[in-house]
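Input: a single structure, listed below in structure tokens.
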Amino acid sequence: MESQRNISVFILLGLSHDQNTQIFCFVLFLFCYVALLVENLLILISIRCSPLYNQPMYYFLIHLSLIDICYTSPVTPKLIADLLVERKTISYSNCMLQVFTMHFFGGTEIFILTAMAFDRYAAICKPLHYVIIMNRTRCNLLVLASWVGGAVHSIPLFSTAISLPFCGPNEIDHYFCDIFPLLKVACTDTYITGVLVIAFSGMVALVTFVVLFISYGIILFTLRNHSTKGRHKALSTCWSHITVVVLFFGPVIFIYLRPPTTFPEDKVSALFYTIIAPMFNPLIYTLRNTEMKNAMRKVWCQTLLSKDAHN
């Protein structure tokens, strides 16, 4: 692999060259990242310390929050730090690490969202058999399959990245290392490789999105037979999940399901699935979820009361 590259550092061109824009983005993304960490950690702790942990939907939500933290952390802190410096560089090894972690955790999130959709389908369409269908063993298997699926998705893309020869320009027109920007600076014909990336990565996202779309079509069709109260409760959780799916899948499909090239709009699209969606996921799942809000209130009120009593 060493003989295939003559560079050890890549230069990231970042989001903008305007200093005022960079300062604004620094403040904005620092706030977003801190909010993302706090919100997801609150969800993790609140569910783990409450009876909601025994419910499949919240069990999957714990894993979604953990993945969101892991997914954004290899990219966002560096983006924030790079906004304060003129020359934005990343080592070859860290660049390859970003490629692997982004696709590993991104792939895992895709499959976790699919597992959550299956849970909603079982709860609404098979309510009498829900407890049997979504027992803890099956939930554990779905989570394990999601992590394995993320690895299966990321390893071929990572292998493609580390096999690329780099011998000339080392400027990546992006704020992190991704497969398409790397193909653009590789000193070889990468058209076929780009097509294979689309066939593998883009199609995974598209097929999963279609499956989710169909499953929610079935769910919404089934809800016609429910009472108004039951329909409202079911829709509150379904719409939350649908919103998260659209926020995540929309930009991913836009970037990975098209001819292998890059556009300036890619950076803005990437912000949605690397920062914006992981930050909004906890808000989407809690603001309209009474059970979640009650659990958080109970856990943290008990914690504060216990702390006051101890003092």
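The values are calculated or read from the model by the stated rules, or taken from the named source; none is laboratory data. Predicted model, so just to flag it, every value in this text is computed and none were measured. Cβ: placed from backbone, ideal geometry, glycine included. Neighbour counts: every protein chain shown. The protein model used for the area step is the full one, side chains on, heavy atoms only, and it has no ligands, DNA or RNA in it. Shrake-Rupley method; radii C 1.70, N 1.55, O 1.52, S 1.80 Å.
Quick notes on this one:
Residue by residue, here is whether (1) surrounded by fewer than 19 Cβ atoms within 10 Å (Cβ to Cβ); (2) among the aliphatic types (A, V, I, L, M) holds:
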site: 146; (1), (2): no, no
site: 162; (1), (2): yes, yes
site: 172; (1), (2): no, yes
site: 225; (1), (2): yes, no
site: 235; (1), (2): yes, yes
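- Residue 70 being surrounded by fewer than 18 Cβ atoms within 10 Å (Cβ to Cβ), modelled with pLDDT of 90 or more and under 22 Å from residue 153 (Cβ atoms): yes
- Residue 70 falls short on exactly one of the conditions (1) within 17 Å of the chain's Cα centre (by Cα); (2) more than 19 Å from residue 104 (Cα to Cα), and that condition is (2).
- Filtered residues of the range 94-109 (kept if under 16 Å from residue 270 (Cβ atoms) and among the β-branched types (Val, Ile, Thr)): 99, 101
Residues checked against (1) assigned to a loop (DSSP other than H, G, I, E, B); (2) touching an Asp or Glu at 6+ places or on another chain (Cβ under 7 Å); (3) open to solvent by less than 50 Å² (accessible area, probe 1.4 Å); (4) of a type in the set (Lys, Arg):
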{"position": "87", "(1), (2), (3), (4)": "yes, no, no, yes"}
{"position": "117", "(1), (2), (3), (4)": "no, no, yes, no"}
{"position": "121", "(1), (2), (3), (4)": "no, no, no, no"}
{"position": "129", "(1), (2), (3), (4)": "no, no, no, no"}
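- Candidates in the range 4-38 are the residues that are among the polar types (S, T, N, Q) and over 30 Å from residue 163 (Cα atoms); of these, the one that is most open to solvent (accessible area, probe 1.4 Å) is 19.
- Positions within the range 39-67 being open to solvent by less than 30 Å² (accessible area, probe 1.4 Å), farther than 16 Å from residue 139 by Cβ and of a type outside the set (Val, Ile, Thr), in sequence order: 40, 46, 50
- Odd one out for residue 103 among (1) on the phi < 0 side of the Ramachandran plot; (2) over 16 Å from the mean Cα position of the chain (by Cα): (2)
- Of the residues examined, residue 157 is not one that is more than 22 Å from the chain's Cα centre (by Cα), among the hydrophobic types (A, V, I, L, M, F, W, C) and surrounded by 18 or more Cβ atoms within 10 Å (Cβ to Cβ).
Rundown of residues vs (1) touching a Ser or Thr at 6+ places or on another chain (Cβ under 9 Å); (2) touching a residue at least 12 places away in the same chain (Cβ under 8 Å); (3) among the small types (Gly, Ala, Ser); (4) not in a helix (DSSP H, G or I), yes/no style:
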site	(1), (2), (3), (4)
53	no, no, no, no
61	no, yes, no, no
65	no, yes, yes, no
79	yes, yes, no, no
84	no, yes, no, yes
101	yes, yes, no, no
111	yes, yes, no, no
